[in-house]
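Colleague: Pasting a structure here, questions to come.
The values are calculated or read from the model by the stated rules, or taken from the named source; none is laboratory data. These figures come from a predicted structure and were not determined experimentally. Please note: Cβ atoms are built from the backbone with ideal geometry, for glycine as well, and neighbour counts cover all protein chains shown. Keep in mind that these areas ignore ligands, DNA and RNA; they rest on the heavy atoms of the full protein, side chains included. Shrake-Rupley method; radii C 1.70, N 1.55, O 1.52, S 1.80 Å.
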Amino acid sequence: MKTLRVALIGNPNAGKSSIFNLLTGLRQKTANFPGVTVEKKTGTLSLSGTEIRITDLPGTYSLFPNSKDEKLVCQVLCNPENETYPDLVVYVTDTNQLERHLLLATQIIDLGIPVIIVLNMMDVFAENGHRLDSHALCQFLGVPVVGMNARSGEGVDKLKFEIGRFLEEGSDRFLRNEPIYTFTEVENAASQSVSSLLPETQPYRAKLLAHHHKWMDFLPVRFSATLTPHLQNVGFEDIKTQIQETMRRFAIIQNGLRGVVESAAARDQKFSVALDGFLTHRIMGPVVFFGLMFIIFQSIFWLAEYPMGWIETGFSYLGSHARNLLPESWLTDLLVDGLLAGLSGVLVFAPQIAILFFFLALLEESGYMSRVVYMFDHVMQKFGLNGRSMVSLISSGACAIPAIMSTRTIGSWKERLITIMVAPLIPCSARIPVYTVLIALMVPAQLSYGPFNMQGLVFMALYLLGIIASLFVAAILKWMIKSDERSYLMLELPSYKKPIWSNVGLEVWDKLLAFVTNAGKVIVLISLGLWFLASYGPGNNIELAAQKVAETSASQNISDEELAISIQSARLEASYAGQLGKWMEPAIAPLGFDWKIGIALVTSFAAREVFVGTMATIYSIGGDAEESSVRNRMAAELRQGTNQPMYTTATSMSLLIFYAFALQCMSTLAVTRKETNSWKWPAIQFVVMTGMAYLGSWLTFHVLS
Amino acid sequence: MKTTILDLKVGQNALIRQFVDFEATCKLLTMGLLPNARVELVRKAPFGGALYIKMQNHLIAMRENEAASVEIELL
């Protein structure tokens with residue numbers, strides 16, 4: 001059975017994703033385009049026995065790209081060998097801004113790719129009193145036109161019907177007979193120069209290759225070098241021709257829409273402009289923004305508390321039942337202490353992550369995020385960043401990985417790079433459990449100043465520290481990295497909309513699934529490995545150590561319980577994990593850490609959230625990973641060879657500072673490597689952040705103790 | 001000195017005449033800033049540096065240096 005490849009294309013804010021969600025529902029997945037971390041959303045739809053694979057391409061204004069996203073769309077459409085090259089394009093427009101949105105549509109039609117035009121947001125269009133003759137539009141463009149309203153789902157059947165006709169009748173109806181745009185003499189010569197080197201290249205595709213041959217990576221080797229003199233001979237100037245083509249296309253579109261669209265007096269912007277009078281106000285704008293951020297991050301803790309409790313209870317219930325049901329063996333230990341403890345450590349974050357992504361999706365869907373970019377652009381530029389960096393840095397509060405991926409909308413390489421480098425310094429959700437446990441050790445829960453809970457204040461202080469550190473590092477990088485490249489703001493401020501809840505829901509689901517599967521794999525592997533390392537040691541060292549403790553304490557007068565604890569501790573010390581911790585103890589002793597913390601530092605390199613699980617495993621193999629009990633055990637821990645508690649304010653604070661700065665996240669390094677396309681930047685990121693962590697902890701420990 | 005978008009006062013309207021800056025032109029065009037299009041300066045960003053512009057059918061934000069590259073005729 002043949003599958004049909006359909007690509008959804010359109011300008012940003014045209015409502016492409018809503019239509020994608022309408023067509024595919026939950027039958028979608030997010031992956032990356034091969035070699036680049038541009039998100040690739042694909043989904044399937046089944047129509048009269050044929051499987052249709054739908055790809056949602058990133059929002060694009062034209063085939064003269066300005067960002068990494070737009071370049072990708074251009075690469076896909078210019079290369080019929082590309083695995084995403086569509087058999088059919090569903091081109092989504094915002095009917096209210098048809099003229100502008102048709103620019104890219106006419107380019108795709110001229111590429112000789114079958115197209116269906118979707119006129120989205122017809123409801124708003126009609127409400128504003130505009131009228132449109134879709135038959136005349138269809139005649140002008142030469143391809144089928146479908147009116148839709150993605151918000152209510154109206155028109156989706158008509159779209160499916162047209163796709164069905166494509167399957168049955170073939171591509172003829174969906175192709176225009178002749179190009180909309182006719183070449184000038186120079187353009188014609190340039191197009192032919194390309195065709196002479198690459199036979200059978202479609203004329204408009206050849207012209208686009210004449211513009212973009214320098215960065216299109218699918219072209220043959222030395223193609224660019226061979227082509228350049230040809231283009232010079234015919235007098236082809238890249239930018240000048242781009243401007244000419246764009247202006248001429250707009251002229252053709254304006255002309256073609258005459259008599260097709262009847263515009264009433266514009267009034268649809270009124271609401272957004274009025275609301276922005278408040279939301280982007282000189283004083284109220286920033287106040288509202290910081291207020292919103294405060295409320296969002298507060299409510300994450302407040303709302304997530306209950307589901308997190310259920311997950312923990314569920315897992316400890318599961319664990320104790322598994323222990324009762326299964327025979328006592330190493331396999332049971334592995335299952336309960338290794339696998340279940342590890343899984344619970346991951347899933348317990350799911351509520352916080354879901355809530356954070358819910359709010360982020362809401363800010364994005366409503367159109368507010370663009371206002372944030374606009375308001376803070378100037379401030380961010382002082383730190384070598386772009387207004388768009390705000391979106392990434394806010395997302396970094398959830399997780400640095402999607403944050404780093406979202407930097408691809410930043411056109412300037414320098415600003416994009418700095419954003420990538422500093423994003424991991426913003427406290428992400430993985431730091432939350434580490435902070436929670438350590439703060440609870442240090443600050444009594446009942447301590448408060450007026451209405452402010454002291455634990456909460458320390459929490460906020462750590463967040464502020466992360467934000468200040470990231471801006472500080474950004475400023476240094478701005479001064480160090482030299483670049484002549486220009487940076488732009490030029491940003492569309494979409495009109496405010498009520499969010500489409502199914503879009504928000506699918507976005508949260510998508511992110512949550514990615515977190516649980518990706519982070520889950522790492523954490524489960526680590527906790528299995530750690531369980532093994534902590535339970536076994538070289539030769540019979542563990543048994544010898546346990547025997548020795550039993551013998552020496554036989555002469556002393558201690559309870560069975562105390563004996564069990566010291567045996568356990570001796571066994572851990574003799575295990576592989578203990579050896580590893582002991583080996584690195586000299587390096588971390590100046591920070592106030594012992595070998596047990598050393599083990600946690602090593603395992604949290606994979607991901608910070610492993611810390612709590614590691615502590616649970618270390619302080620009692622066989623216990624459950626519930627945070628409060630981990631905290632109790634840590635509080636009871638004594639510094640080896642003394643009667644002093646291990647977790648004094650100095651040690652806890654030093655550890656907090658370490659986790660605030662250190663880059664303990666393999667996935668972040670991997671995504672930085674991918675996005676910067678070199679090992680240099682992740683290496684710098686790792687060295688600098690670890691250095692900051694070490695110095696910061698050292699200072700903290702020495703000042704406090 | 002030619003008048004550009006940067007010279008607009010809040011609430012003032014103008015028609016776009018031409019573009020000074022070759023490099024930025026492509027970007028401006030795809031955002032709908034075409035010759036003869038009508039622009040209105042709605043407000044300036046809280047911390048300065050950026051402008052909030054109203055076009056016939058949509059709203060855009062641009063930096064001051066981007067605004068300085070668009071010549072206009074006041075209405």
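Colleague: Could you go through the stretch B:38-54 and let me know if any residue there is out of contact with any helix residue (DSSP H, G or I) (no Cβ under 8 Å at 6 or more places or on another chain) and in a loop (DSSP other than H, G, I, E, B).
Modeller: no
Colleague: Okay, next question. Here are A:Leu425, A:Leu441: which of them is open to solvent by 10 Å² or more (accessible area, probe 1.4 Å), away from chain B (no Cβ under 14 Å), farther than 27 Å from A:Asn503 by Cβ and touching a helix residue (DSSP H, G or I) at 6+ places or on another chain (Cβ under 6 Å)?
Modeller: It is A:Leu441.
Colleague: Mind listing whichever residues of the stretch B:9-40 are under 13 Å from B:Met55 (Cβ atoms) and either more than 11 Å from every other protein chain (Cβ to nearest Cβ) or open to solvent by 50 Å² or more (accessible area, probe 1.4 Å) (or both)?
Modeller: Across the stretch B:9-40, the qualifying residues are B:Asn13, B:Ala14, B:Leu15, B:Ile16, B:Asn36, B:Arg38, B:Val39.
Colleague: Working only within the stretch B:49-69, note down all residues that are within 17 Å of A:Asn96 (Cβ to Cβ) and at the interface with chain A (Cβ under 7 Å from one of its Cβ atoms).
Modeller: Of everything in the stretch B:49-69, those that are within 17 Å of A:Asn96 (Cβ to Cβ) and at the interface with chain A (Cβ under 7 Å from one of its Cβ atoms) turn out to be B:Lys54, B:Gln56, B:Asn57, B:His58, B:Leu59, B:Ile60.
Colleague: Let me ask something else. I'd like the residue in the stretch B:46-68 that is touching a residue at least 24 places away in the same chain (Cβ under 8 Å) and open to solvent by less than 10 Å² (accessible area, probe 1.4 Å) and, out of all such residues, is nearest to A:Lys497 (Cα to Cα).
Modeller: So the residue we want is B:Ile60.
Colleague: Quick one: would you say A:Ser263 is of a type in the set (Gly, Ala, Ser) and facing another protein chain (nearest Cβ under 10 Å)?
Modeller: yes
Colleague: Can I ask one more? Considering each of A:Glu178, A:Glu200 in turn, give the residue that is at positive phi, of a type in the set (D, E, K, R) and assigned to a loop (DSSP other than H, G, I, E, B).
Modeller: A:Glu200
Colleague: Only one of these is closer than 20 Å to A:Leu102 by Cβ, at pLDDT 95 or above and open to solvent by 20 Å² or more (accessible area, probe 1.4 Å): A:Arg205, A:Arg258. Name it.
Modeller: A:Arg205
Colleague: Of all residues in the stretch A:512-533, count the ones that are surrounded by 18 or more Cβ atoms within 10 Å (Cβ to Cβ) and either at pLDDT 80 or above or in contact with a His (Cβ under 8 Å, 6 or more places away or on another chain) (or both).
Modeller: Final tally of qualifying residues: 1.
Colleague: Right, something else. Please indicate, with yes or no, whether at least one residue in the stretch A:473-480 is among the β-branched types (Val, Ile, Thr), out of contact with any strand residue (DSSP E or B) (no Cβ under 8 Å at 6 or more places or on another chain), assigned to a helix (DSSP H, G or I) and surrounded by fewer than 14 Cβ atoms within 10 Å (Cβ to Cβ).
Modeller: So far as the stretch A:473-480 goes, no, none of its residues is among the β-branched types (Val, Ile, Thr), out of contact with any strand residue (DSSP E or B) (no Cβ under 8 Å at 6 or more places or on another chain), assigned to a helix (DSSP H, G or I) and surrounded by fewer than 14 Cβ atoms within 10 Å (Cβ to Cβ).
Colleague: If we scan the stretch A:137-144, do we find a residue that is closer than 16 Å to A:Ser263 by Cα and not β-branched (Val, Ile, Thr)?
Modeller: Within the stretch A:137-144, one or more residues are closer than 16 Å to A:Ser263 by Cα and not β-branched (Val, Ile, Thr).
Colleague: A:Ile9 - would you say it is modelled with pLDDT of 95 or more, surrounded by 18 or more Cβ atoms within 10 Å (Cβ to Cβ) and either assigned to a loop (DSSP other than H, G, I, E, B) or touching a strand residue (DSSP E or B) at 6+ places or on another chain (Cβ under 9 Å) (or both)?
Modeller: yes
Colleague: Kindly provide the set of residues from the stretch A:177-200 that are farther than 24 Å from A:Ile243 by Cα and either under 40 Å from the mean Cα position of the chain (by Cα) or of a type in the set (Asp, Glu) (or both), ordered by number.
Modeller: A:Leu198, A:Glu200
Colleague: It is to be established whether one or more residues within the stretch A:316-329 are touching a residue at least 24 places away in the same chain (Cβ under 8 Å) and of a type in the set (A, V, I, L, M, F, W, C).
Modeller: no
Colleague: Evaluate the following for A:Tyr91: is it open to solvent by less than 20 Å² (accessible area, probe 1.4 Å), in a loop (DSSP other than H, G, I, E, B) and either basic (Lys, Arg) or under 19 Å from A:Tyr61 (Cα atoms) (or both)?
Modeller: no
Colleague: Got a sec? Which helices (runs of 4 or more DSSP H) wholly within the stretch A:289-389 have at least 3 residues that are open to solvent by 40 Å² or more (accessible area, probe 1.4 Å) and of a type outside the set (S, T, N, Q)?
Modeller: Once the helices (runs of 4 or more DSSP H) in the stretch A:289-389 are filtered for at least 3 residues that are open to solvent by 40 Å² or more (accessible area, probe 1.4 Å) and of a type outside the set (S, T, N, Q), what remains is A:330-333, A:350-366, A:368-382.
Colleague: Right, something else. Failed condition for A:Glu637, given (1) surrounded by 17 or more Cβ atoms within 10 Å (Cβ to Cβ); (2) at pLDDT 85 or above, with all others met?
Modeller: (2)
Colleague: Within the stretch A:26-34, can one find any residue that is farther than 30 Å from A:Leu417 by Cβ and open to solvent by less than 20 Å² (accessible area, probe 1.4 Å)?
Modeller: Looking for residues that are farther than 30 Å from A:Leu417 by Cβ and open to solvent by less than 20 Å² (accessible area, probe 1.4 Å), one finds none in the stretch A:26-34, hence no.
Colleague: Something else: Consider A:His230 against the criteria (1) more than 38 Å from the chain's Cα centre (by Cα); (2) within 13 Å of A:Val194 (Cβ to Cβ); (3) open to solvent by less than 70 Å² (accessible area, probe 1.4 Å): it satisfies all of them except one. Which criterion is unmet?
Modeller: (3)
Colleague: Among the numbered conditions (1) away from chain B (no Cβ under 12 Å); (2) within 25 Å of the chain's Cα centre (by Cα), tell me where A:Phe289 comes up short.
Modeller: Result: A:Phe289 passes all but (1).
Colleague: Continuing with the same structure: Examine the stretch A:272-280 for a residue that is more than 7 Å from chain B (Cβ to nearest Cβ), more than 16 Å from B:Asn57 (Cα to Cα) and loosely packed, with under 13 Cβ neighbours inside 10 Å, and state whether such a residue exists.
Modeller: Within the stretch A:272-280, one or more residues are more than 7 Å from chain B (Cβ to nearest Cβ), more than 16 Å from B:Asn57 (Cα to Cα) and loosely packed, with under 13 Cβ neighbours inside 10 Å.
Colleague: Since A:Gly59 meets every condition but one in (1) surrounded by fewer than 24 Cβ atoms within 10 Å (Cβ to Cβ); (2) part of a strand (DSSP E or B), which condition does it not meet?
Modeller: That leaves (2) as the condition not met.
Colleague: While we're on this one: Pairs needed: first member in the stretch A:61-82, touching a residue at least 40 places away in the same chain (Cβ under 8 Å) and more than 11 Å from A:Met216 (Cα to Cα); second member anywhere, assigned to a loop (DSSP other than H, G, I, E, B) and among the small types (Gly, Ala, Ser); C-beta distance under 6 Å; at least 6 residues apart or different chains.
Modeller: A:Asn66/A:Gly411; A:Ser67/A:Gly411
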